[in-house]
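Peer 1: Here you go, one structure.
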């Protein structure tokens, strides 16, 4: 028995040895295959750091618009490598780098076994990857090999490469190579290029605070990048500064370090924030706007690489993609020509319209400032600060192929770095989201375009939303409800649709996981009024899906990339929308577009007036988010809104315009008056009048539908009302769900004979008729009890929430969230079964 056990043990040992040596042999063969490429790359790096040869510059990269007009040209012309012979001049950056990444760099032989064991122990204690054990030499090996997937086999190949590097190059050469090759985010490679990009100075001139922030980017540029995530970058900066204070011997010239350095770190961080103007902006709990902070870090180098930059936000997205898609070596060998979807002519029109629109808001604020200064000279005026932080964005898509035709992320049209609000700023869309709510209600046949609904006071488990006007209108057509943006109807519709269904459809439309979207937007009935936050690009995607008949759309920017020999390096396969995933029913989408045409008709919230012979088809939706009263008091304003939206639909074009204030401050305007006018200037300039199929809002599609001529006054067949004052031709309905004849004895669901209706026509002016209401309700703010009377023009479509209980009430001064946040305590409750017979 004992001999048998020994025999089994010997077999296990033998097999283990065979596997071990086979693994070593296989790994060495793989390393030998990569060896020639690695040696060539390392020698090129060595030439750079030794300064013994000419550094190859990356060739120009040119960006062209849809009509092949040059809109951008960039390169890394200012790139200068850190050389080994002047490494001693980079004391602070080396100090920060070694303190954070490899404190034993000058003592180990390439692999720090103590650091690896320490990292394993800490990671086991914390049940997560809290610390790594890679040395700078190992990281250089990984950068040089670019093996991609992280596994034990590739780690073994990297070990061979690490051994080769340590054997053939001295420590200063290895350190200089690494400092020149590490990726630093925003398309920057190497610490020298990153220093110039983020701080507008050479790496040798960086202070300890700047060096700490720069080095902090290295482990995860997407997480610790100060341009994209400033709060995380500041946290890491603080951690590295404290590590530096404990490892002052790693500085090449430790005598130059302030003797009181360790005790002045917090003061140094404060001065750093002042120097780079770090300040809070809207939404600190969100990812947009660098998690609630903005600064001058990174704005200096944005345009440094561009010789031509006619569309800064669009071109930056192209530049970032290029540096992710192609290696430095590839970019050294070829000139790239990038052909894109942008239309620079439309871009310029939109830029002018946006600038003029925001300038108009600023003029209104200037008038208010003069009035305020005369009345209250002893109090500071906030209008100047509000004006300085006014901003906006425009996104224009072709809904049928996903082409990004216009992308403007900021009102200030300088080409230095600025936040791309079109894609990064999540804001409440207000009533601009209602078109999507109506599309879902139509798809589920809860309503049809002729349905009669009741605008009345409602209460869902304590949530009682109010309209933007005083009181309620009683029985109205569904077309009128959308045209006048009636809040109560949208909430009723969402109650019938189901919040889960709404979020699921929205997540499919935006290609965002349901759980992520739910966490971002919440789950309550106020979503019907736009309480959930979306970017202008996301709003454009939502309405592009409706405009193209319900197909998923993915914005497309690059059509093809060629080299200087006209050889295709990348060709984007045409993403035909017709073959995309069906998100919404095409008939429901067509009906939604019909209803949205009423928004831009006479009596809608954004009436578009045409001169003779200049008509073109148009639909849209306004969105106005009112500023909460406590924020009004903070800015010493008596009126104002927080966000102004308009989504406009033209043939083969969906455009979103957003105007707001980065600080969440109130400003005068509305969705129609502010953003709507910007869109209208743009629309008048780009409209096309060829009269063909492409010039229709709704293209032909397959579906079980009928098209009817309808009387807009009441929703019935036009043939029954020859004296109808507002005829609507070719309106879409699901077959079997179309309106009956007025003279037919049996009326369908949700339809009331005209002689029993209290329905104002779709073209009724913005006046309020409370004759059908016994208790007309004004908008009363709890803090000052001042009733806000309706104005003659469109008023903000307020997002309202249920009253807090005594237990839930929180003093205003204790609120930690920014002006435009929606407190969970004041949100409506999650869905509950309250009244199944809503309509």
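Peer 1: Quick check on region 472-503: of everything there that is free of Cβ contacts under 8 Å to residues at least 60 places away in the same chain and within 17 Å of residue 531 (Cβ to Cβ), which residue is surrounded by the most Cβ atoms within 10 Å (Cβ to Cβ)? Walk me through it before giving the result.
Peer 2: So in region 472-503, the residues free of Cβ contacts under 8 Å to residues at least 60 places away in the same chain come out as 481, 486, 488-491, 493-494, 503.
Within this subset, residues satisfying the condition of being within 17 Å of residue 531 (Cβ to Cβ) are 486, 488-491, 493-494, 503.
Details: 486: 24, 488: 22, 489: 31, 490: 25, 491: 24, 493: 26, 494: 25, 503: 21.
Among them, the one singled out is 489.
Peer 1: Let me ask something additional. What do you reckon, is residue 128 out of contact with any strand residue (DSSP E or B) (no Cβ under 9 Å at 6 or more places or on another chain), modelled with pLDDT under 90, loosely packed, with under 15 Cβ neighbours inside 10 Å and not in a loop (DSSP other than H, G, I, E, B)? Steps first, please.
Peer 2: Details: out of contact with any strand residue (DSSP E or B) (no Cβ under 9 Å at 6 or more places or on another chain): yes; modelled with pLDDT under 90: yes; loosely packed, with under 15 Cβ neighbours inside 10 Å: yes; not in a loop (DSSP other than H, G, I, E, B): no.
In short, no.
Peer 1: Another question about this same structure. Out of 342, 354, 365, report the one residue that is at pLDDT 90 or above and assigned to a helix (DSSP H, G or I). Before the answer, list the steps.
Peer 2: Values: 342 fails: assigned to a helix (DSSP H, G or I); 365 fails: at pLDDT 90 or above.
None of the other options fit; the residue is 354.
Peer 1: Then there's this: Looking at (1) more than 19 Å from residue 397 (Cα to Cα); (2) in contact with a strand residue (DSSP E or B) (Cβ under 6 Å, 6 or more places away or on another chain); (3) at pLDDT below 80, find the lone condition where residue 599 falls short.
Peer 2: Every listed condition holds for residue 599 apart from (3).
Peer 1: What's the number of the condition residue 231 fails, among (1) over 24 Å from residue 143 (Cα atoms); (2) over 25 Å from the mean Cα position of the chain (by Cα)?
Peer 2: Single failed check for residue 231: (2).
Peer 1: Output the residues belonging to region 243-284 that are surrounded by fewer than 14 Cβ atoms within 10 Å (Cβ to Cβ) and in a helix (DSSP H, G or I).
Peer 2: Those that are surrounded by fewer than 14 Cβ atoms within 10 Å (Cβ to Cβ) and in a helix (DSSP H, G or I): 246, 249, 254, 255, 256, 263, 266, 267, 270, 271, 274.
Peer 1: Could you give every pair whose Cβ atoms fall below 8 Å, whose first residue belongs to region 628-652 and is within 16 Å of residue 600 (Cα to Cα), and whose second residue is surrounded by fewer than 20 Cβ atoms within 10 Å (Cβ to Cβ) and at pLDDT 90 or above, counting only separations of at least 6 or pairs across chains?
Peer 2: 649/697; 650/617; 650/697; 651/617; 651/697
Peer 1: Would you point out which residue out of 213, 184 is buried (at least 23 other Cβ atoms within 10 Å of the Cβ) and either on the phi < 0 side of the Ramachandran plot or at pLDDT below 95 (or both)?
Peer 2: Working: 184 fails: buried (at least 23 other Cβ atoms within 10 Å of the Cβ).
Selected residue: 213, the only one of 213, 184 that is buried (at least 23 other Cβ atoms within 10 Å of the Cβ) and either on the phi < 0 side of the Ramachandran plot or at pLDDT below 95 (or both).
Peer 1: Hey, could you check region 714-736 for residues that are farther than 10 Å from residue 450 by Cα and part of a loop (DSSP other than H, G, I, E, B) and say which is modelled with the highest pLDDT?
Peer 2: The residue in question is 735.
Peer 1: OK, next. Among the numbered criteria (1) modelled with pLDDT under 80; (2) surrounded by fewer than 21 Cβ atoms within 10 Å (Cβ to Cβ); (3) under 18 Å from residue 165 (Cα atoms), which one does residue 44 miss?
Peer 2: Going through the list (1) modelled with pLDDT under 80; (2) surrounded by fewer than 21 Cβ atoms within 10 Å (Cβ to Cβ); (3) under 18 Å from residue 165 (Cα atoms), residue 44 breaks only (1).
Peer 1: Taking into account only those residues within region 70-92 that are part of a strand (DSSP E or B) and crowded, with 21+ Cβ neighbours inside 10 Å, which is modelled with the lowest pLDDT?
Peer 2: Step one: filter region 70-92 for residues part of a strand (DSSP E or B), giving 70-74.
Restricting the remaining residues to those that are crowded, with 21+ Cβ neighbours inside 10 Å gives 71-72, 74.
Working: 71: 95, 72: 93, 74: 84.
The selected residue is 74.
Peer 1: Something else about it: Looking at region 184-195, can you tell me whether even one residue there is over 30 Å from residue 40 (Cβ atoms) and either within 27 Å of the chain's Cα centre (by Cα) or in a helix (DSSP H, G or I) (or both)?
Peer 2: Checked against the condition, which is being over 30 Å from residue 40 (Cβ atoms) and either within 27 Å of the chain's Cα centre (by Cα) or in a helix (DSSP H, G or I) (or both), region 184-195 yields no hits at all.
Peer 1: Give the residues of region 315-331 that are surrounded by 15 or more Cβ atoms within 10 Å (Cβ to Cβ) and over 18 Å from residue 568 (Cβ atoms), sorted by residue number.
Peer 2: Selection gives 315, 316, 317, 319, 323, 328.
Peer 1: A follow-up question, please. Enumerate the pairs (first residue in region 94-117 and on the phi < 0 side of the Ramachandran plot and at pLDDT below 80; second residue anywhere and assigned to a loop (DSSP other than H, G, I, E, B) and buried (at least 17 other Cβ atoms within 10 Å of the Cβ)) with beta-carbon separation below 6 Å, excluding pairs fewer than 6 apart on the same chain, so at least 6 apart or on different chains.
Peer 2: 112/135; 115/133; 116/133
Peer 1: Within the group 605, 624, which residue is in a loop (DSSP other than H, G, I, E, B), modelled with pLDDT under 95 and closer than 15 Å to residue 671 by Cβ?
Peer 2: 605
The values are calculated or read from the model by the stated rules, or taken from the named source; none is laboratory data. In this text the structure is predicted, and so the values were computed from the model without any measurement. Note that each Cβ is placed from the backbone with ideal geometry, even for glycine, and that neighbours are counted across all protein chains shown.
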